[in-house]
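Below you'll find the structure, written out as structure tokens, and then a few comments.
The values are calculated or read from the model by the stated rules, or taken from the named source; none is laboratory data. Quick caveat: nothing in here was measured; it's all calculated off a predicted structure. Every residue, glycine among them, receives a Cβ derived from its backbone with ideal geometry; neighbour counts consider all protein chains shown.
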Amino acid sequence: MTPQQIAERATTEPRWIRWTLIALALAFLALFVGLPLAAVFVSALSKGWAVYFAAITEPVAWAAIKLTLLTAAIAVPLNLVFGVAAAWAIAKFEFRGKQVLITLIDLPFSVSPVVSGLIYVLIFGLQGWLGPWLQDHDITIIFAVPGIVLATVFVTFPFVARELIPLMIAQGTEEEEAALTLGASGWQTFWRVTVPNIKWGLLYGVILCNARAMGEFGAVSVVSGHIRGLTNTMTLHVEILYNEYQTAAAFAVASLLTLLALVTLAAKSAVEWRVRQQLKAARHSHDEDLLT
Amino acid sequence: MKIGWKRWSVLPGFGLAMGYTLTYLSLLVLIPLAGTFLKSATLTWPEFWETITSPRALASYRVTFGTSLVAALLNAVSGLLVAWVLTRYRFFGRRFVDALVDLPFALPTAVAGIALTAIYAPTGWVGKLVPFKVAFTPLGITIALVFIGVPFVVRTVQPVLEDIEPELEQVAASLGANRWQTFTRVVMPAVWPAVLTGFALSFARAVGEYGSVIFIAGNMPMRTEITPLLIVTQLEQYNYAGATSLAVAMLVVSFGMLLTINALQWWGTRRHLA
């Protein structure tokens with residue numbers, strides 16, 4: 001045995017242990033992740049393609065798809081703008097209470113989806129704080145589209161911010177300071193220096209935010225009222241079909257959401273690599289500054 | 001120059017960014033949450049206490065916390081295993097498997113719920129093979145919660161395992177430690193905070209989980225009814241006081257767990273730097 005082989009043997013496991021561990025990990029993932037994935041598509045096609053296409057093209061399904069797209073189209077940009085603003089304030093400036101603010105931004109992640117919906121019912125619902133006033137003015141929020149959008153904004157609230165904050169903290173403020181010294185205005189600095197630096201992190205946050213916005217179930221279910229064709233999102237439509245024992249149809253609509261999840265995963269892994277490069281570059285230049 | 005709570009900076013836009021952040025955060029998160037607590041304050045204390053300690057509520061806590069605890073423990077062990085295999089070994093399809101770990105984050109919970117129910121129902125692929133009932137029992141709930149929690153431990157442990165310098169393990173080996181000793185005395189102390197954080201994250205997520213559980217649970221009061229479902233049931237019966245009381249109880253638990261997780265993460269980074 002060469003010394004190198006001895007060193008290798010000392011710092012890794014014997015081959016049979018390695019393969020046992022790999023097999024165990026893969027078996028676990030196959031059982032808990034692979035099997036449900038397969039079950040969606042097999043069940044969706046269990047009654048044939050005709051039933052499948054009928055299920056995803058019926059008008060009620062289309063209404064649900066449109067509502068889901070509309071909800072995401074409102075919620076994602078709102079949280080994108082918020083994420084950038086919050087990250088700018090938190091990462092580029094030093095102020096007291098920063099940690100508290102970060103924790104507050106993360107708050108919606110620790111709230112149960114059901115409670116996330118309920119808090120808006122208690123404000124805008126008939127029994128809520130603003131209920132009587134809204135009724136007098138003929139405004140409906142709960143059991144209508146605005147409520148669905150609000151609940152979705154709440155559950156996807158932290159996604160963009162929590163991606164950008166660590167990235168922008170690592171990047172520091174030197175490049176922006178240089179741009180300002182050279183005479184750029186604040187907005188020019190933001191668009192020409194900051195945005196290119198954070199674009200992959202931004203995209204990453206948007207991908208995650210969008211997936212959750214389109215897939216949210218619990219919070220939306222509480223505020224929706226389940227009115228077919230009007231306040232049913234795709235996930236709620238899946239639930240209704242499933243509870244009516246239209247299993248193949250339920251899985252057909254679910255398969256669209258699953259495809260969305262798979263696209264999300266693919267996009268996420270493609271972007272993840274670039275985010276890491278950007279973060280590494282930022283940390284590297286920071287380390288160099290410390291050395292000189 | 002230092003004015004009050006903020007250090008002076010040449011960069012512009014602090015007022016605008018901070019003002020927008022605080023307004024948006026207050027309107028969408030803080031005020032609605034505070035509104036819920038205020039709503040519960042309109043109930044009398046006995047009313048509130050009776051709701052959150054009714055036999056049905058207590059049974060739902062047992063189901064929710066019991067299954068969440070078991071699921072989080074399973075996730076801690078399997079998550080460490082998966083993270084180890086993904087960072088230390090090279091095998092065919094590793095990148096694909098690595099991407100698949102995040103599926104539970106990306107897949108809508110309702111879809112996961114009906115898929116798991118189809119698999120574990122008495123006529124399903126797995127349900128048919130095992131001699132006992134899985135779906136519509138606490139075991140079924142636990143399986144759904146394990147699915148939901150898969151990414152948490154893997155994704156918190158993975159970066160820590162990647163950061164451990166190989167020299168550390170080489171030194172341990174050259175000083176005469178066998179592989180198991182190196183693992184337990186060198187690797188484990190370094191990843192322990194991350195495992196604990198991942199465990200806490202997956203437990204916290206499991207406690208509030210709704211979509212993936214309600215299909216597989218069977219939802220029998222006192223036996224397989226989780227607390228979030230009990231809230232929905234109260235709401236559907238227009239019992240707003242009951243729903244609010246239970247929601248406040250859950251919020252207090254969630255905030256407590258959030259603080260614990262923050263403390264764990266702080267502990268982890270401090271150990272990392274030391």
Yes/no for residue A:265 being in contact with a helix residue (DSSP H, G or I) (Cβ under 7 Å, 6 or more places away or on another chain), without any contact (Cβ under 8 Å) to a residue 24 or more places away in the chain, assigned to a helix (DSSP H, G or I) and more than 28 Å from residue B:230 (Cβ to Cβ): yes
Test: residue in the range B:22-39 that is among the basic types (Lys, Arg) and surrounded by 15 or more Cβ atoms within 10 Å (Cβ to Cβ): yes
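Per-residue answers, yes or no, for (1) at the interface with another protein chain (Cβ under 9 Å from one of its Cβ atoms); (2) under 27 Å from residue A:123 (Cβ atoms); (3) in contact with a His (Cβ under 7 Å, 6 or more places away or on another chain):
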residue	(1), (2), (3)
B:4	yes, no, no
B:17	yes, yes, no
B:20	yes, yes, no
B:31	yes, yes, no
B:60	no, yes, no
B:67	no, no, no
B:78	yes, no, no
Qualifying residue in the range B:205-212 (condition: under 21 Å from residue B:59 (Cβ atoms) and free of Cβ contacts under 8 Å to residues at least 60 places away in the same chain): yes
Unmet criterion (only one of (1) surrounded by fewer than 18 Cβ atoms within 10 Å (Cβ to Cβ); (2) closer than 20 Å to residue B:251 by Cα) for residue A:122: (1)
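Does residue A:53 satisfy the criteria of being surrounded by 15 or more Cβ atoms within 10 Å (Cβ to Cβ) and out of contact with any Gly (no Cβ under 6 Å at 6 or more places or on another chain)?
no
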Residue match in the range A:27-44 (condition: under 14 Å from residue A:241 (Cβ atoms) and not in a helix (DSSP H, G or I)): no
Positions within the range A:2-48 being within 7 Å of chain B (Cβ to nearest Cβ), surrounded by fewer than 16 Cβ atoms within 10 Å (Cβ to Cβ) and at pLDDT below 90, in sequence order: A:7
Residue, farthest from residue A:119 (Cα to Cα), within the range A:199-237, restricted to residues that are part of a loop (DSSP other than H, G, I, E, B) and of a type in the set (D, E, K, R): A:228
Helices (runs of 4 or more DSSP H) contained in the range B:103-198 and holding at least 1 residues in contact (Cβ under 8 Å) with a residue 40 or more places away in the chain and surrounded by fewer than 18 Cβ atoms within 10 Å (Cβ to Cβ): B:138-163
First in the range A:269-292 and of a type outside the set (S, T, N, Q), second anywhere and at pLDDT 80 or above and not in a helix (DSSP H, G or I), Cβ under 8 Å, 6 or more apart: A:282/A:172; A:286/A:172
Any hit, the range A:133-143, residues being more than 29 Å from the chain's Cα centre (by Cα) and aromatic (Phe, Trp, Tyr): yes
Inter-residue pairs, beta-carbon under 8 Å, first at the interface with chain B (Cβ under 7 Å from one of its Cβ atoms) and in the range A:83-107, second of a type in the set (Asp, Glu), 6+ apart: A:92/A:176
Test: residue in the range A:60-67 that is touching a Gly at 6+ places or on another chain (Cβ under 7 Å), more than 30 Å from residue B:173 (Cα to Cα) and surrounded by fewer than 17 Cβ atoms within 10 Å (Cβ to Cβ): yes
Every residue from the range B:85-102 that is part of a helix (DSSP H, G or I) and facing chain A (nearest Cβ under 7 Å): B:85, B:97, B:99, B:100
Output for the range B:80-102, where each listed residue is surrounded by 24 or more Cβ atoms within 10 Å (Cβ to Cβ) and small (Gly, Ala, Ser): B:83
Subset of the range A:205-249 (residues that are more than 30 Å from residue A:166 (Cβ to Cβ), at the interface with another protein chain (Cβ under 9 Å from one of its Cβ atoms) and either buried (at least 21 other Cβ atoms within 10 Å of the Cβ) or modelled with pLDDT of 95 or more (or both)): A:221, A:222, A:234, A:235, A:236, A:238, A:239, A:242
Count of residues meeting criterion [more than 30 Å from the chain's Cα centre (by Cα) and assigned to a helix (DSSP H, G or I)] in the range B:39-59: 3
Qualifying residues in the range B:199-232 (those that are within 9 Å of another protein chain (Cβ to nearest Cβ) and in a loop (DSSP other than H, G, I, E, B)) - the one farthest from residue B:260 (Cα to Cα): B:210
